[in-house]
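Participant: Please read through the structure below; I'll follow up with questions.
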Amino acid sequence: MKINAKDLSRIVSKYHDEKSSLIAVLQDVQEEYHWLPPEALRFVSEKLCIPLIDVYSVATFYRAFSLTPRGEHVVTVCLGTACHVRGAPLVLDRIRNRLRVEPGCTTGDGKFTLESVNCLGACALAPIVVVDGKYHGQTTVKKAAQIIEEYHTKRPKKRVTRRRKK
Amino acid sequence: MKRRRKTEEFRLHLLVCAGTGCVANHAFDIKEELQKEIARKKLSDEIGVVTTGCQGFCERGPIVIVQPDGIFYQRMKKKDIPHLVEEHLLKGRPVKELMYIPSPREAPVPKMMDIEFFKHQRLIILRNRGRLDPENIDEYIGFNGYQALEIALTRMTPERIIKEVKASGLRGRGGAGFPTGMKWDLCRREPGRIKYIICNGDEGDPGAFMDRSVLEADPHSVIEGMTIGARAISVHKGFVYVRSEYPLAVKRLKIALSQAEEYGLLGKDILGTNFDFDIEVVQGAGAFVCGEETALIASIEGKVGRPRQRPPYPSEKGLWGKPTNINNVETWANVPMIISRGAKWFSSIGTKTSKGTKIFSLVGKINNTGLVEVPMGITMREIIYDIGGGIPQGKEFKAVQTGGPSGGCIPKNMLDLPIDYESLTQAGSMMGSGGMIVMDEDTCMVDVARYFLNFTQEESCGKCPPCRMGTKHMVYTLDRKTKGKGREGDIQFLESIAENVKLSSLCGLGQTAPHPVLTTLRYFRDEYEAHIKEKRCPALVCKDLISYVIDDKLCGGCTVCAKNCPSDAISGEPKKIHTIDQQKCTKCGICITVCPPKFNAVKKVSPAVK
């Protein structure tokens, strides 16, 4: 993984090198690379003068951070209570069997990352499956497989690295 | 700044709901299409299209309301729009087909306020819901916004403000119900010049989304409440901590903050009173435990969000060791109304110990999913049947779960329980943030208990052993039961471990984690016993205890199930009876969903067929 020191410097300096902004910095790094590469963690640790072990501890504690590269498409299954009682476990099972991958992992071909989330707060649409930020509400076991097929053939959108205003 | 067209210039207003639920249902496409169609009909000068915050009736999204008549259109689709514009906006004939129809036998209800879901609600916190554009401060001000701030800053002393909040009887809406005025007073009395206030928007309870909705629909009410609180406690810096799963709330809050600053309602010398106050937004990173106040403080400091021992309470030693006052989003949003309408008015609503209103998110097996704001003391039955419209498909109500993973399940015979902090606690549950998950006969209570325990076990930060290991053992025991490996004595073991975790955990997460198990054991013990003794799941949910079978008498041999089965477990030829090979079946349940209703031949049975 190639990281760009200039991009990282820009992110860290946006927060005035403040230690308390570690979580925000990591969030921005993740937005840039879609995961937290080890080199980036080392860079952040040095820049913010926080021991690497503490940076690593924060990066592993919070669910939003990923320490492994993510697939082209991120499939998120909501497992909130409302989704649960309306059959989300069966939907997750179906997708898991279809992709042959456990939640939190990426398929061998790097095409899909399967994730679960505790609640998206859109319970009227339960059960919800989100693919690349697009919501698929009232998913059934049958629909779940169709959703995956739809993305299987689709080429991923080109990732545009957003330039932030200073 | 772009000049905004004045509201009175339009003949009609279309209010398009843009809460997360409706947005996920393509509300923005609807808005765009409406604008295009209105322009095509050359009505752009007469009709305005505005996006508003969440209307609460998420089940029926996307929602469009035509004002001033208050005509309520629901489940809008792009293709309905030309017809709507032509008929209603041009010819003045409201479109019946797009209105809300309570049940197939009833007539459509044109007006929003005549719909049962809205009729029984009492709006204080959500007073502005669906009537203003949350990204436009002028509209908030137009509905008397920031009036309370002006009163508090120019006509009241900090002591008076605190006295008023104390007299109102407002209690923390985050779940524990600590009196807000008292909390403010404690923080105010602490020595030291630097203090902080925090708005807790880390709404982690699955199935609860009222804080998200308030932040999305009316961010200024939270900002105004916080500024009044800041004045009362003499604080100059505040933080709003929002979950990372709520990007829309963060966006709208940031817009609201910059607009308030632009208008001199935030920042230096607010309203020329020499009072400075500033608010910063901090985003969470997906950790449930950060809703606990000491963990939240650690998270704002950029550390791992683990709770610490209390005392010292945050009011003594909080953010960066300074006195800190934390309140929930909903609590802050109540404050402006208390100041502008007075404590006496506020305390006239609700019960003896619980004043005001509470927002509940009504979700699960219920007809009208959505957010409801009701006065304290209302019964469960009123919420579920009058507002919620009962259980879908005529199924039987079984239980309602309140308080998220920290709460419990309340059974059918307690439906007439009045909702306030005390009676919910007595029933073994708690108010929590206000999630209300309705369960019907198809919900397995052992599975629900396992679900919540699994949740708290995963979210346990691991600092204190009772929570870290206790929840793990409880999940393990429950898991065994749902897999048909339950043993005699499991129930007693669960009870004793639950009591221990409750008594000895460090923070609220562990102390309340056993509630789902304890309440389901209290009210649904027979289900546990069926799982252990008969290896049977009465609700036909637990995968290892059920089998899918095809009824020979009903099967029409249409081959649909066999074609759809992903594991090739179904055999049979056209026009002949099909059978499921139990060895191959993965119990995914596709066959039951695809079997045509005219046959309805696939059934679930428990205990499992060998």
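Laboratory data are not the source of any read-out in this text; all were calculated from the coordinates shown. If you're wondering where the values come from, they're calculated on a predicted model, not measured in any experiment. Positions of Cβ are generated from backbone atoms using ideal geometry, with glycine treated the same way; all protein chains shown enter the neighbour counts.
Participant: Can you tell me how much longer the chain between B:Ile141 and B:Lys553 gets when fully stretched, taken as 0.36 nm per residue apart minus their C-alpha distance, in nm with one decimal?
Facilitator: Going from the current span to full extension adds 141.6 nm.
Participant: Okay, moving on. Under the rule of at least 5 residues apart or a separate chain, name every residue whose amide H is placed under 5 Å from the amide H of B:Thr51.
Facilitator: For B:Thr51, the qualifying residues are B:Val16.
Participant: Once a ≥ b ≥ c are taken as the square roots of the eigenvalues of the Cα gyration tensor of the range B:1-145, is the result rounded (a/c under 1.5), prolate (a/b larger than b/c) or oblate (a/b not larger than b/c)?
Facilitator: Oblate, because a/c is 1.5 or more while a/b does not exceed b/c.
Participant: On to the next question. Between their Cα atoms, which of B:Lys254/B:Lys317; B:Lys395/B:Lys604; A:Lys143/B:Lys587; B:Lys111/B:Lys398; B:Lys365/B:Lys563 are more than 22 Å away from each other?
Facilitator: Table pairs above 22 Å Cα-Cα are B:Lys254/B:Lys317; B:Lys111/B:Lys398; B:Lys365/B:Lys563.
Participant: While we're here: What does the C-alpha gyration tensor say about the overall shape of the range B:445-533? Classify as rounded when a/c is under 1.5, otherwise prolate if a/b is larger than b/c, or oblate.
Facilitator: It comes out prolate by the Cα gyration axes.
Participant: Any chance you could run the full-extension gain for B:Arg525 through B:Lys575? It's 0.36 nm times the residue separation minus the Cα-Cα distance, nm to one decimal.
Facilitator: Extra length available between B:Arg525 and B:Lys575 comes to 13.5 nm.
Participant: Something else now. I want to verify the translational diffusion coefficient of the range B:224-266 in µm²/s; compute it with Stokes-Einstein, Rh as the Kirkwood radius over Cα pairs, at 37 °C and 0.692 mPa s.
Facilitator: 286 µm²/s
Participant: Identify all lysines with a Cα-Cα distance to A:Lys6 below 22 Å; exclude those on the same chain that are fewer than 8 residues away in sequence.
Facilitator: Within the straight-line cut-off, A:Lys6 pairs with A:Lys14, A:Lys19, A:Lys47, A:Lys158, A:Lys165, A:Lys166.
Participant: Can you list the HN-Hα couplings for the range B:569-583, worked out from phi with the Karplus curve (6.51, -1.76, 1.60; θ = phi - 60°), rounded to whole Hz and with x for Gly and Pro?
Facilitator: Result, rounded to whole Hz: 8, 9, 10, x, 9, x, 6, 10, 5, 9, 9, 9, 7, 5, 5.
Participant: Looking at the square roots a ≥ b ≥ c of the eigenvalues of the Cα gyration tensor of the protein assembly as shown, which shape do they give, rounded for a/c under 1.5, prolate if a/b is larger than b/c, or oblate?
Facilitator: rounded
Participant: Let me ask something additional. Could you give the dipole magnitude of the protein assembly as shown about its Cα centre, charging the beta-carbon of Lys and Arg +1 and that of Asp and Glu -1, in debye to the nearest 20?
Facilitator: Dipole of the protein assembly as shown, to the nearest 20 debye: 1020 debye.
Participant: How many nm separate the modelled label positions at B:Lys344 and B:Met113, each set 7 Å beyond the Cα in the direction of the Cβ?
Facilitator: 2.6 nm
Participant: Toward the positive end of the charge dipole of the protein assembly as shown, about the Cα centre and with charges on Cβ (Lys, Arg +1; Asp, Glu -1), which of B:Ala39, A:Ser21, B:Gly145 goes farthest?
Facilitator: Of B:Ala39, A:Ser21, B:Gly145, it is B:Ala39.
Participant: Long-range amide H contacts for B:Leu417: which residues qualify at under 5 Å (H placed 1.01 Å from N, peptide plane, sequence gap of 5 or more or a different chain)?
Facilitator: Those qualifying (amide H under 5 Å, at least 5 residues apart or on another chain) are B:Met380, B:Arg381.
Participant: May I ask you to order B:56-69, B:305-318, B:120-133, B:98-111 by the average number of other C-beta atoms within 10 Å around their residues, highest value first?
Facilitator: Ranking the peptides B:56-69, B:305-318, B:120-133, B:98-111 by packing returns B:56-69, B:120-133, B:305-318, B:98-111.
Participant: Using θ = phi - 60° and the Karplus curve 6.51 cos²θ - 1.76 cosθ + 1.60, what whole-Hz ³J(HN,Hα) does each residue of the range B:586-602 get, with Gly and Pro shown as x?
Facilitator: So the J values, rounded to whole Hz, are 9, 6, 7, x, 5, 4, 5, 7, 8, 4, x, x, 5, 9, 6, 8, 7.
Participant: With only Lys, Arg, Asp and Glu charged, each at its Cβ (+1 for the first two, -1 for the last two), find how big the charge dipole of chain A is about the Cα centre; round to the nearest 20 debye.
Facilitator: 680 debye
Participant: Give me the one-decimal nm value for the distance between modelled label points at B:Glu488 and B:Asn274, 7 Å along each residue's Cα-to-Cβ direction.
Facilitator: 8.0 nm
Participant: Also, I was wondering about something else. Name the residue from B:Gly589, B:Cys290, B:Met112 whose Cα lies farthest towards the positive end of the charge dipole of the protein assembly as shown, charges +1 on Cβ of Lys and Arg and -1 on Cβ of Asp and Glu.
Facilitator: Most positive-ward Cα: B:Gly589.
Participant: Determine the dipole magnitude for chain B: charges of +1 sit on the beta-carbon of Lys and Arg, -1 on that of Asp and Glu, nothing else is charged, the reference point is the Cα centre, and the result goes in debye to the nearest 20.
Facilitator: With only Lys, Arg, Asp and Glu charged at Cβ, the dipole is about 460 debye.
Participant: Apply 1/(1 + (r/R0)^6) to the Cβ-Cβ distance of A:His152 and B:Arg11, taking R0 = 41 Å, and write down the FRET efficiency to the nearest 0.05.
Facilitator: For A:His152 and B:Arg11, the calculated efficiency is 0.25.
Participant: Can you tell me the relative contact order of the range B:26-110? Whole percent, Cα pairs under 8 Å, sequence separation 6 or more.
Facilitator: 24 percent
Participant: Then there's this: Can you give the angle from 0 to 90° between the axis of helix A:141-153 and the longest principal axis of chain A, with both taken from C-alpha atoms, to the nearest 10?
Facilitator: Tilt relative to chain A: about 50 degrees.
Participant: What aspartates and glutamates does B:Lys355 reach when the alpha-carbon gap must be under 16 Å and sequence neighbours fewer than 8 apart in one chain are set aside?
Facilitator: Cα-Cα hits under 16 Å: B:Glu164, B:Glu330, B:Glu373, B:Asp420, B:Glu422.
Participant: Once amide H atoms are built 1.01 Å from N in the peptide plane, which residues 5 or more positions from A:Ser116, or in another chain, come under 5 Å H to H?
Facilitator: Those qualifying (amide H under 5 Å, at least 5 residues apart or on another chain) are A:Val77, A:Gly104.
Participant: Also, quick follow-up: Using the Karplus equation 6.51 cos²θ - 1.76 cosθ + 1.60 (θ = phi - 60°), what ³J(HN,Hα) coupling, rounded to whole Hz, does each residue of the range B:114-130 give in order, writing x for Gly and Pro?
Facilitator: Here the 3J(HN,Hα) series is 8, 6, 3, 4, 8, 4, 8, 8, 10, 9, 10, 6, 8, 4, 9, 5, x Hz.
Participant: Between B:Thr157 and A:Lys19, what's the calculated FRET efficiency when r is the beta-carbon distance and R0 is 35 Å? Round to 0.05.
Facilitator: 0.40
Participant: How many Cβ atoms of partner chains, on average, are near each residue of A:55-66 if near means within 10 Å of its Cβ?
Facilitator: Taking all residues of A:55-66 together, the mean is 4.
Participant: Any lysines with Cα under 19 Å of the B:Lys472 Cα? List them, leaving off those in the same chain fewer than 8 positions away.
Facilitator: Partners within reach: B:Lys463, B:Lys481, B:Lys483, B:Lys485, B:Lys502.
Participant: May I pose another question? Could you check the spin-label model distance between B:Glu396 and B:Tyr476? Points 7 Å from the Cα along Cα→Cβ, value in nm.
Facilitator: The modelled label-to-label distance comes out at 3.6 nm.
Participant: Now for a separate question. Over the whole of B:397-405, what's the average partner chain Cβ count within 10 Å per residue? Rounded to a whole number, please.
Facilitator: 1
Participant: Assuming 0.36 nm per residue, please report the length gained on full extension of the stretch B:Ala39 to B:Asp544 beyond their Cα-Cα distance.
Facilitator: 176.0 nm
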